[in-house]
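The values are calculated or read from the model by the stated rules, or taken from the named source; none is laboratory data. This is a predicted model, so every value here is computed, not measured. Cβ: placed from backbone, ideal geometry, glycine included. Neighbour counts: every protein chain shown. Note: areas computed on protein heavy atoms with side chains; ligands, DNA, RNA excluded. Shrake-Rupley method; radii C 1.70, N 1.55, O 1.52, S 1.80 Å.
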Amino acid sequence: MAKDKAAGGIEAVVETARAAARAGLSRALPALRMVNQPRGFDCPGCAWPEEQDRRRIAFCESGAKAVSHEATRRKLTSEFFLSWPIPRLLEQSDRWLEAQGRLVEPLIQRSGQHHYEPISWQDALARAGEQLRALASPNEAVFYTSGRASNEAAFLYQLFVREFGTNNLPDCSNLCHESSGTGLTEVIGFGKGTVGLEDFAMADLILVIGQNPGSNHPRMLATLQRAARRGCHIVSINPLRERGLVRFRHPQQLSGILGRGTPLAERFVQVKLGGDIALLKGVMKELLALDAERPAQVLDHEFIRLHTQGFDEFRRALEGHGWTELEALSGVSREQMRELAELYARSERSIACWAMGLTQHAHGVDNVQEVMNLLLLRGNVGKPGAGPCPVRGNSNVQGDRSMGIWERPKPALLDALDSEFGISSPREAGMSSVEATHALHDGDAKVFVALGGNFARATPDTPYTEEALRRARLTVNVATRLNRTHLVGGRESLLLPCLTRSERDPQRGGLQFVTVEDSMACVHRSQGRLAPASPALRSETAIVAGLARATLRDDTRIPWEELISDYDRIRDRIARVIPGFEDFNERVRAARGFVLPRPPGERRFDVPGGRALFKALPVPDLTVPPGHLLLMTVRSHDQYNTTIYSDDDRYRNVRGNRRVVLLCPEDMKALDLAEGARVDLTSHFRGEAGKEECRSVRGFQVLPYDTPAGCAVSYFPEANPLVPVGQMDARSRTPAYKSVEISIRAAE
Ligand SMILES: Nc1nc2c(c(=O)[nH]1)N[C@H]1C(S)=C(S)[C@@H](COP(=O)(O)OP(=O)(O)OC[C@H]3O[C@@H](n4cnc5c(=O)[nH]c(N)nc54)[C@H](O)[C@@H]3O)O[C@H]1N2
Ligand SMILES: Nc1nc2c(c(=O)[nH]1)N[C@H]1C(S)=C(S)[C@@H](COP(=O)(O)OP(=O)(O)OC[C@H]3O[C@@H](n4cnc5c(=O)[nH]c(N)nc54)[C@H](O)[C@@H]3O)O[C@H]1N2
Ligand SMILES: [Mo]
């Protein structure tokens, strides 16, 4: 069984080498040498911070794949698009599309045509500008961002969009950690994590909840390995026994390549899908009981009195939950809850990390706030070695938010933009990703602009979203490679090719660098060194400025050309507008950049009353009718979001197929399904006006797996057609990608 094998090790070294070889060694190797180095570029893989003692190599297998993939020598020429009409491209797989290489010139698919054809930059931008100006209201346009854009590009983008007159700035965060931002802001007045890497070196206990770092944040494993070696306890709470968390061999150390690996999470709590609140409530009930046995030794009463509010009500509500309910809904025994409570009570400094297993549920915000309740009980906020750590996904998703990419901006940001630039930003809230999909579908939005990403594949309900995009008058995608979103464009569609992070970015004022913010609020520079894949490519920053100029023409207060001639000028403006970025240009030139303020780290909570909030939360009941299952959609070990590198998922022993559904043997037996059986999956939900609806995907293969009974697993994005577009967290609007009610039957 895969579960006993270590993650990393020689396999990771081999995979890294393979990825580099696929891209062409002469381009991939120099690129890899610069990843996460002080003078190099930020890894486009994930947002996990770099270790302070940067060694010569500072990337992981997954980062190597991302970088090598970017560094490919293949190019999409105009002949390619002549021989491949869009309907034929649509028949190809996502993987095939991206494997064709880099986009190297601006392209247009004109109304009524089925081909992309080259267009000059000037005409492309003018066309986008014309269409945007022709709208009856700026709110008829939506401007999506995927979380890779640099701080500089993101700042200019939101500035353009707000001067144009809308807050329609949905982003991939809406699909990702929005529940973390919303949940944390409500209870501690700060929407980000409060810990830094230095805290991981001090913690006694690290909880890893709903996260698969072995595949998605491999550099985090090295941090966990170091913690485990000095005796820190690591507990994984997950329906799946994710291999990277069980045992880890550091692929960049000899002992790691050859040795047996370090046991990481010595405790694995196999919670039911969606059962975390029930589990945490059980643990906290036991904690209260322990506190009664050993008064003043378990709860941090002083912290609770001085720094929190709502404790009495929280406690009363907690006592009202019975064990039968909590055990049934979590799938975890009271005994295990007690053990966890004891471990937690013994630990002076605890960190809770989490990712999509908590946020992508209809109760995603509640999940995050229940974790906060647990941390607050023992004063694990604002002390060294302790605190919440939502582990971000896309490499600059956190920075993009800091720069104002947000459909619900704080008034203070808009005031600051207005006074710095003399514009009048709109005050009305804009649309999130799901809201934008509906608006496009219903004709309320007519132009879709995307700074990166793959909107059609990343959002729920693929056929609905594709139809929504097709109904647009114009879609504009700033992109590096071809993906499905580009093929389901509106009546007219523009593809604007941009530089990647690993490439040089010369502007009038010389070679530029950009900046990014990692998951722990550290801002640092990133500078590509490779020759651009084509002289026609432009930086994202320059493309945004070009779009702004073509749209706003002379109705603009912003000196776009001056700003992009030297990105220091953009950073000077950011320094004056965004709190925490004072003296930006100077501070970001320090070798390791700088860390933004994290007020809860000093026990300052920007909420009414000034104290962190305990919240009494309901226990979600995700019970489905007999014969139905709950499906989570996750990433394999060999993909980066919608970019698929191979059809294997090494750590889960899945080979050669991504259209699979993993079931526990018990469920396979109950449903009379044998290993390898071909099945159709159907999701069931209530659509508009409570009407029962369903969606299906066909020809999936059944594989046995160690999952809790009733819990099925499939891959994102193949299973996205099943995810109901209306099923999301009510407060954060994050789609419930991890709890889709399905039925399974033999394929037709
Ligand atoms: N190589 C690689 N790296 C990546 C990405 C990638 O695609 N490839 N994507 C990036 C992005 S944008 C993001 S957001 C992150 C995502 O990082 P992850 O959140 O690790 O990604 P997922 O594959 O969605 O995994 C979710 C985990 O939650 C568990 N889970 C599901 N439901 C529940 C539940 O109800 N309770 C609990 N406790 N656990 C649950 C699943 O078993 C799985 O282990 O990774 C980033 N890094
Ligand atoms: N079912 C299901 N759906 C999910 C999830 C899930 O767990 N389950 N996870 C959700 C999450 S967490 C996220 S973050 C979203 C991700 O949603 P997105 O951010 O929209 O998707 P990505 O796959 O990251 O985007 C990949 C595309 O970005 C472009 N690209 C790559 N690098 C660059 C660059 O440097 N500049 C520009 N301009 N373009 C670039 C390439 O053309 C590539 O095809 O998906 C969400 N969707
Ligand atoms: Mo994400």
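Observations
This table checks each residue for (1) open to solvent by 10 Å² or more (accessible area, probe 1.4 Å); (2) hydrophobic (A, V, I, L, M, F, W, C); (3) farther than 30 Å from S150 by Cα.
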| position | (1), (2), (3) |
| --- | --- |
| A292 | yes, yes, yes |
| Q297 | yes, no, yes |
| D300 | yes, no, yes |
| G310 | yes, no, yes |
| S333 | yes, no, yes |
| S350 | no, no, yes |
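- Of all residues in the range 609-629, those being open to solvent by 20 Å² or more (accessible area, probe 1.4 Å), within 27 Å of I744 (Cα to Cα) and part of a strand (DSSP E or B) number 0.
- Near pairs, Cβ below 8 angstrom, 6+ apart or cross-chain, from the range 109-127 (in contact (Cβ under 8 Å) with a residue 24 or more places away in the chain and within 13 Å of R491 (Cα to Cα)) to any residue that is surrounded by 12 or more Cβ atoms within 10 Å (Cβ to Cβ) and small (G, A, S): Q109/G489; Q109/S493; Y116/S493
- Positions within the range 83-102 being crowded, with 17+ Cβ neighbours inside 10 Å and either among the aliphatic types (A, V, I, L, M) or under 23 Å from the mean Cα position of the chain (by Cα) (or both), in sequence order: I86, L89, D94, L97, E98, A99
- For the range 161-181, filtering for residues that are within 15 Å of ligand 2 (Cβ to nearest atom) and either over 18 Å from Q211 (Cα atoms) or out of contact with any Asp or Glu (no Cβ under 7 Å at 6 or more places or on another chain) (or both) leaves 12.
- Scan of the range 350-379 for residues that are within 13 Å of ligand 1 (Cβ to nearest atom) and not aliphatic (A, V, I, L, M), ordered by number: C353, W354, G357, T359, Q360, H361, H363, G364, D366, N367, E370
- Hits in the range 583-601 - residues which are open to solvent by 90 Å² or more (accessible area, probe 1.4 Å) and under 27 Å from the mean Cα position of the chain (by Cα): R592
Each row is one residue, and each column tells you yes or no for (1) within 18 Å of the chain's Cα centre (by Cα); (2) in the same structural domain as M356 (by TED's automatic domain parsing); (3) away from ligand 1 (no atom under 16 Å from the Cβ).
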residue	(1), (2), (3)
K192	yes, yes, no
E198	no, yes, yes
D204	no, yes, yes
L207	no, yes, no
N212	yes, yes, no
S215	yes, yes, no
R226	no, yes, yes
I234	no, yes, no
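- Residue in the range 636-647 that is more than 13 Å from ligand 1 (Cβ to nearest atom), buried (at least 18 other Cβ atoms within 10 Å of the Cβ) and under 28 Å from G147 (Cα atoms) present: yes
- Here Y705 qualifies as outside the structural domain of E435 (by TED's automatic domain parsing), closer than 14 Å to V661 by Cα, touching a residue at least 40 places away in the same chain (Cβ under 8 Å) and not β-branched (V, I, T).
- Helices (runs of 4 or more DSSP H) contained in the range 482-571 and holding at least 2 residues touching a residue at least 24 places away in the same chain (Cβ under 8 Å) and within 29 Å of A99 (Cα to Cα): 484-487, 540-552
- Residue within the range 400-415 that is assigned by TED's automatic domain parsing to the domain that holds D94, open to solvent by less than 30 Å² (accessible area, probe 1.4 Å), assigned to a strand (DSSP E or B) and touching a strand residue (DSSP E or B) at 6+ places or on another chain (Cβ under 8 Å) present: no
- Contact map, the range 325-352: first residue more than 14 Å from L280 (Cβ to Cβ), second residue hydrophobic (A, V, I, L, M, F, W, C) and part of a strand (DSSP E or B), Cβ cut-off under 6 Å, separation 6 or more or different chains; pairs are S347/L205; I351/I206; I351/C389.
- Those residues of the range 58-82 which are modelled with pLDDT of 90 or more and open to solvent by 20 Å² or more (accessible area, probe 1.4 Å), in sequence order: R74, K75, T77, S78, E79, F80, L82
- So G580, is it more than 26 Å from the chain's Cα centre (by Cα), at pLDDT 95 or above and more than 19 Å from L125 (Cβ to Cβ): no
- Among the candidates R573, R553, the residue that is open to solvent by 30 Å² or more (accessible area, probe 1.4 Å), at positive phi and at pLDDT 95 or above is uniquely R553.
- Within the range 454-478, considering residues that are in contact with a Gly (Cβ under 7 Å, 6 or more places away or on another chain) and either open to solvent by 10 Å² or more (accessible area, probe 1.4 Å) or without any contact (Cβ under 8 Å) to a residue 12 or more places away in the chain (or both), the one farthest from ligand 1 (Cβ to nearest atom): R473
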